[in-house]
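Report on one structure; see the data block that follows.
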Amino acid sequence: MIIEPRPSVSVLRAGLAPVWAILAALALCAVLIFWTGTSIPTAYFLLFKGAFGSAFAINETLTRSIPLIFTGLAVAVAFRAKFYNIGAEGQLYAGALAATYFGTGMITLPPVLMIPFLMIVGALAGGALLIVPVLLKTRMKVDEVVTTLLLNFVVLLLVSYLIEGPWKDPMSLGWPQAAAVIDEGVLPPLLAKGRLHLGLVIALAASVLIWAMMRFSVLGYEIRAVGYNAGAAEFSGINVSRTVIITALISGGLAGMAGVSETAGLKGYLTLDLSPGFGYTGIAVAMLAQLNPLGVIPAAIFLSAVYVGSDAMSRAINIPTYIADVLVGVSVLAVLCSVMLSQYRVRWRT
Amino acid sequence: MPVLEFSGVTKRFGTLTANDSVSLTLEQGEVLALLGENGAGKTTLMNILFGHYQADEGTIFVDGKPLPPGSTQAAIKAGVGMVHQHFTLAGNLTVLENITLGTESLWSWRQETRTAREKLADMARDYGLAVDPDAQVSELSVGERQRVEILKALYRNARILILDEPTAVLTPQESEGLFAILKSLTAKGLAVVFISHKLHEILAVSDRIAVLRRGAIVGTLATKDADRAQIAEMMVGRAVTLPRLTPMEPGAAMLEIEGLSTTGGGASALRNIDLTIRAHEIVGIAGVAGNGQRILADVLSGLKGDFAGSVRLHGKSLAAGRPRAIVASGVGRIPEDRHARGMVGDMEVWENLISEDIRSREVSRWGLIIDRKRATARAERQIAEFDVRCEGPDAETKLLSGGNMQKLILARALSREPSFILANQPVRGLDEGAIAYVQNRLLEARQRGAAILLISEDLDELMALCDRIAVMSHGKLSEALPTGARTIAEIGLMMAGQDGDRQAA
């Protein structure tokens, strides 16, 4: 077997790489489904139906994709600068904490101001959580994978303490949850029926904004240059540390907005199960999107569909919902392989 | 019968023909030099021989028998050994372990060390390749590592040895040693293919020369009939103008360094350096790598801001530690390593051309948004002016050859007509055509009135290009005397840390 670089990679081939990867992942997971004794077409049909089969299903899939778009963007921006932020989960909760602190009665503004205000404080909180890891990285070369990952648990424990203790809602009948976000701060629903809320619009706008920033702005240029070749970036006069710090703040901010959107848009109040790992799934989203901010949107919708669809599938037939996690994991691995295969070709010796 | 024969070998990558119907023979006991510019197809041809690529057309014969394509194993079995430009040794293993690596059966219970040791001792004796078999490879010098690579090939019973740019990493003395080894190998009946783009080495070591240009063989000739200028022309395809320094009256002082010192870094920390360079003047710094040249270059290019002493550019203090301010004040910088420092390979050509002044009004609006139209238009002008061969401003930079990448760096550094140019190893790794281009550009800048600091490890280059030469050793810089005031031998002594000036006096 010979692996040789392709002389040129067409845009079509590069763009189709994730599609092939997803097909490959579906094929591989078919083996597991077969093992459970269910018919593979039925299972995938039910999965698809559960995700897109009705107005309600589409509504749910889009609702679920909102936090994934935010965390996917957060990871995509950070990875572009080779800042490996694994802490989007913690930053999401930091954003949720900020939304709870400011949004449950401390400040009351009309909705046009209240919603942007909550988004901004959430973003600031998410970004603030990355200040220590990014300074440790730029000043003392401490590996950010470790620091950002471990901070997730610190934040989760803080949330746990707050909603069991000082922030516990007295009206919650003993459930560990914080008080509800005031009406002015709640992200309004987009449709008459279903849970889809304004967060989707904000998430889509954020994607376009980040895409434009990476492509057209001097800052985006500097982030890319630092990520591709920090030595050359430094030589040309880019302040590498400063660029990495700004990137980290943007990344943390986007993840923080996911927390605000979930607290003020979907749940209405902060609980410990606000996020079933949206921060980690964001890494999968970003990889599927090949770090492209616009690619994050379909990638997030796809992964959201896998989760929503497999919930429906497992209710209908005897397949555990864990199949969704396997499918997501295999998809990411398949994407890494297919990106490689779009740049290299394998030839079998004749 | 030739031991190795390429017959009509063609290899295409998309639209590019890397090897165009190459036919070539190698006889027993000879050194064949394969000469060509970067990108001429030398390495591709050898990769086909070694089975890394498959030829689209044509066959390779070893001892008259066709070699199965695409199989490294078959090539090794047929007696072909390759010494790569970048060594493929495991630093944490011993010489013996490196040499036997991969030759033993996976299923044998123990290593056959004793027989291997004996075989190695025989080879070392027969070919004059003495290396301690139990030494750890990471502790060997570059020259010794190369010997291990050669032994590795011979251990696998290679009778045809391919050396890909073997002298790129060697000092002149080590290169001489390598040539002696090659002579003893061919005397024993081995055949050697020596890939290089350095003319003087090829004339010294080979019996026959094959010149490759744009994938095709443009000629084969016996080394004894070869003439330097003729080969250079065959290689490049046109007459090469060698740079010549015309005497000029130096003008006002452009760069003035007084008492420059830095801390840390051992032998490379700068110690009380004084240097003045005037307009219309090229001053060279000679020295062995690691004696402070890099730190000096970092200070002048703005990468290092903490130093003692004064550095002035046309009378004004240098904007220490601020590359863009330094560039804006009229400095053109050619970095030592074009891949690690010079260019972002994953970005497009036009993007690399604006990296030094991206916040200026010329290529951005309010320093925030890139003005792509103007940046691309400027890139097009620069590409044309500096003869960069690429598909256009949108080409991906990493696809450019070394010479074209260096032209791109020149375009970025010189098109603003800087009054001071820092050229750190500007021709390292380039082929003859590109070297002449870069050197002529520097001479043009001198003509125009620029002051140029040329840092190089190549004394011939310094002697040919510089008005004055200073020598750097252990972070100290000697006085810059007119070229010719010191002999090469004297400069060599000073590079080694002995005070040549005092001895001469």
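Only the coordinates and a few stated rules stand behind these numbers; no lab work does. Note that this is a predicted model, so its numbers are computed, not measured. Cβ sites come from the backbone with ideal geometry, for glycine too, and all protein chains shown count toward neighbours.
General observations
- Less than 5 angstrom separates the built amide H of A:ILE86 from those of A:THR148, A:LEU149, all sequence-distant by 5 or more or on a different chain.
- The H on the amide N of B:ARG213, modeled in the peptide plane, is under 5 Å from the matching H of B:VAL218, each at least 5 residues off or on a different chain.
- Listed by chain and number, the lysines placed with their C-alpha closer than 24 angstrom to that of A:LYS137 are A:LYS82, B:LYS304; residues fewer than eight positions away on the same chain are left out.
- Cα gyration tensor shape for the stretch A:38-184, rounded if a/c is under 1.5, else prolate or oblate: oblate
- Annotation for the stretch B:21-102: GluC sites (Glu not before Pro) lying in DSSP loop with at most 15 further Cβ atoms inside 10 Å of their Cβ are B:GLU27.
- Shape call, chain A: gyration tensor on alpha carbons, a/c limit 1.5: oblate
- Of the trypsin sites (Lys or Arg not before Pro) in the stretch A:297-350, those whose Cβ has at most 12 other Cβ within 10 Å and which sit in DSSP loop: A:ARG349
- Candidate aspartates and glutamates - alpha carbon under 14 Å from B:LYS224, same-chain residues fewer than 8 apart omitted: B:GLU30, B:GLU201, B:ASP207
- Computed 3J(HN,Hα) for the stretch B:196-210, one whole-Hz value per residue from the Karplus formula 6.51 cos²θ - 1.76 cosθ + 1.60 where θ = phi - 60°, is 7, 10, 9, 4, 5, 5, 5, 5, 6, 10, 9, 9, 9, 10, 10, glycine and proline marked x.
- Each label was represented as a point 7 Å from its Cα along the Cα-to-Cβ direction; for B:ARG271 and B:ALA187 these points are 4.4 nm apart.
- What the Cβ-Cβ distance of B:LYS316 and B:SER261 gives, at R0 = 25 Å and to the nearest 0.05, is a FRET efficiency of 0.75.
- Listing B:VAL31, B:VAL349 from fewest to most neighbouring C-beta atoms within 10 Å gives B:VAL31, B:VAL349.
- Scalar couplings 3J(HN,Hα) for the stretch B:62-77, obtained by applying the Karplus form with A = 6.51, B = -1.76, C = 1.60 to θ = phi - 60°, are 10, 6, x, 9, x, 8, x, x, x, 10, 5, 4, 5, 5, 5, 5 Hz; x denotes Gly and Pro.
- Selection of trypsin sites (Lys or Arg not before Pro), the stretch A:154-211, meeting DSSP coil and at most 11 other Cβ within 10 Å: A:LYS193
- For A:TYR44 and B:MET248, the FRET efficiency from 1/(1 + (r/R0)^6), where r spans their Cβ atoms and R0 equals 60 Å, is about 0.15.
- The stretch B:207-356: C-alpha gyration tensor shape, a/c 1.5 cut-off, then a/b vs b/c: prolate
- For chain B, the Kirkwood hydrodynamic radius comes to 25.1 Å, computed from all pairs of different C-alpha atoms.
- Sequentially through the stretch B:254-265, phi angles give Karplus couplings (6.51, -1.76, 1.60; θ = phi - 60°) of 9, 10, 10, 10, 10, x, 6, 9, 10, 10, x, x Hz, Gly and Pro residues having no value and appearing as x.
- The stretch B:81-102 versus the stretch B:326-371: alpha-carbon centroid distance in Å: 40 Å
- Filter on A:LYS193/A:LYS267; B:LYS119/B:LYS183; A:LYS49/A:LYS267; B:LYS11/B:LYS407 - keep pairs with C-alpha separation over 19 Å: B:LYS119/B:LYS183; A:LYS49/A:LYS267; B:LYS11/B:LYS407
- Relative to the longest principal axis of the Cα atoms of chain B, the long axis of helix B:172-187 makes an angle of roughly 20 degrees.
- Working from label points 7 Å from Cα in the Cα-to-Cβ sense, the A:MET340 to B:ASP56 distance is 2.7 nm.
- Excluding the site residues themselves, the longest part of chain B lacking any trypsin sites (Lys or Arg not before Pro) in a DSSP loop with at most 10 other Cβ atoms within 10 Å is B:245-505.
- Radius 11 Å from Cβ of B:ARG428, net charge of other residues (Lys, Arg +1; Asp, Glu -1): -4
- Most positive-pole-ward Cα, B:VAL80, B:LEU49, B:GLY433, against dipole of chain B from beta carbon charges: B:GLY433
- Segment B:ALA325..B:GLU444, full-extension length gain: 40.4 nm, with 0.36 nm per residue of separation and the alpha-carbon distance subtracted.
- Summary of the geometry: the stretch B:134-165 and the stretch A:207-231, compared by the centres of their Cα atoms, lie 44 Å apart.
- Neighbour-count ranking [beta-carbon atoms within 10 angstrom, fewest first] of B:GLU356, B:GLU380, A:GLU262, A:GLU164: A:GLU164, B:GLU380, B:GLU356, A:GLU262
- Proxy reagent accessibility, fewest Cβ within 10 Å first, across A:HIS197, B:HIS200: B:HIS200, A:HIS197
- Contact order, relative form, for chain B: 15 percent (alpha carbon pairs under 8 Å, 6 or more residues apart, mean separation divided by residue count).
- Here the simple spin-label model places points 7 Å from the Cα toward Cβ, and for B:LYS77 and A:PHE216 these points are separated by 6.1 nm.
- A Förster radius of 41 Å, combined with the Cβ-Cβ distance separating B:ALA130 from B:ASP225, puts the computed FRET efficiency at roughly 0.70.
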